[in-house]
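Trainee: One structure coming up, written as C-alpha cells, with questions to follow.
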C-alpha cells in the first residue's frame, strides 16, 4: 500500500520448468512480524534444490506466489514483545522448518520433523529471496562466529539436512561412506563425516565437484560406477531414483542407504538377493528437527567447515536457480541483497 515500506522480492508466480521463468521479481510491502516473530533484514540466502522443486512444481503449491528461500542469514531489525531470546541487531538464521504443533505424538517423542501440522519457510510462508523476512523466534538459530554471511547460509539447510542424513546412516566408527551427488549439501556432509574419522568416496558427474571432493579429503571421486571398496553406508543426494539399485549393490553387508532429498524420481524394481539381502536397508530423510540444526551449528563452531559458496546478487535469483538446475554451481549458490 502507498506509504508503507517496500522491498524487492522474487515470487513463484507460475510453477513450471525453470526455462519457463517461474520466478518473477517484484516490489512488495516489508512484512510485519506476527505474534512471537522476528523481522529480519536478509544478509544472505542460500539457493537450495528444494527451492527448485517449489519453483518447478515438483512440490505442490502451498502458498500461491510464495517467496522461496530457507537458508537465510539476517539481522534482527524488529520483534514482537512476546518474541523472546533475541534482540535487535542479533545475527540469526532462518531454516526450512518454521512451525510444529508441539502436541502430537511425533513432537512429544522428539520427532517434530514428522509433525502433520508442520510448516516451512519458502513453501508455507514467504522466505529469503527478498530484502526482509520474518521467522518465529522459537525456530530461529543463533549462529557461530568466524563465518561470513555467505558461508553461513548454506549451513541452514544443506548443512542441517546433510547432518541428519549422516546421522541416519549410522556409520560405524572409521566407516566407509559413499556420497552420490556432490553439491551444496554433500560437500558439507563429507566434512562432517571426515571430522568423525570416516573414509569418504564420492560419485558425481561434475569434474569440478570431483576436484572439490578430493580437495576436502575424499579418498576417491569418480564420475560413475562403483567405489573402490564396499561401503558401510551411502547417502544419495542426487534426485535420481535409478541410482538406488546400484548404490545398494555397492553396500557391504548390513549397510544403509539414506536418501537425502525431498523429491526423488521413480525407483526401478529391486531384486531382493542383489539389493536388499544381508540386512541392507533404505532410509529416507524428512526435514529436520531444531536439535539437528543446533547440533550442526555447534559442530561448525568446533570444526571450521570449508563452505564452497558462489554469491549472486538478489537481482539474479532466477539465474542462480537456473544454474542450480543445470548443475553449474560447484558448492552452494547464495543470494546477496
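Trainee: Given the criterion under 20 Å from the mean Cα position of the chain (by Cα) and either modelled with pLDDT under 95 or surrounded by fewer than 16 Cβ atoms within 10 Å (Cβ to Cβ) (or both), identify the matching residue among 206, 224. So that I can check it myself, show each step before the final result.
Mentor: Numbers: 224 fails: under 20 Å from the mean Cα position of the chain (by Cα).
None of the others qualify; the one that does is 206.
Trainee: Take region 52-76 and flag every residue that is more than 28 Å from residue 88 (Cβ to Cβ) and touching a residue at least 12 places away in the same chain (Cβ under 8 Å).
Mentor: The answer is 52, 53, 54, 55, 56, 57, 58, 59, 61, 62, 65.
Trainee: I've got another one for you. Which numbered condition trips up residue 151, out of (1) touching a residue at least 12 places away in the same chain (Cβ under 8 Å); (2) touching a helix residue (DSSP H, G or I) at 6+ places or on another chain (Cβ under 7 Å); (3) assigned to a helix (DSSP H, G or I)?
Mentor: Tallying (1) touching a residue at least 12 places away in the same chain (Cβ under 8 Å); (2) touching a helix residue (DSSP H, G or I) at 6+ places or on another chain (Cβ under 7 Å); (3) assigned to a helix (DSSP H, G or I), residue 151 fails exactly one: (2).
Trainee: Condition check: touching a strand residue (DSSP E or B) at 6+ places or on another chain (Cβ under 9 Å), part of a helix (DSSP H, G or I) and buried (at least 24 other Cβ atoms within 10 Å of the Cβ). Does residue 138 satisfy that? Working first, answer last.
Mentor: Details: touching a strand residue (DSSP E or B) at 6+ places or on another chain (Cβ under 9 Å): yes; part of a helix (DSSP H, G or I): yes; buried (at least 24 other Cβ atoms within 10 Å of the Cβ): no.
So residue 138 fails the test.
Trainee: If you go through region 241-270, how many residues are in contact with a strand residue (DSSP E or B) (Cβ under 8 Å, 6 or more places away or on another chain), assigned to a helix (DSSP H, G or I) and without any contact (Cβ under 8 Å) to a residue 40 or more places away in the chain?
Mentor: So the answer is 2.
Trainee: Of the residues in region 15-32, how many are under 23 Å from residue 4 (Cβ atoms), in contact (Cβ under 8 Å) with a residue 60 or more places away in the chain and touching a helix residue (DSSP H, G or I) at 6+ places or on another chain (Cβ under 9 Å)?
Mentor: The qualifying residues number 1.
The values are calculated or read from the model by the stated rules, or taken from the named source; none is laboratory data. Note that the structure is a prediction, hence the values are computed from the model and not measured. In this analysis, Cβ positions are derived from the backbone assuming ideal geometry, glycine residues included, and neighbour counts consider all displayed protein chains.
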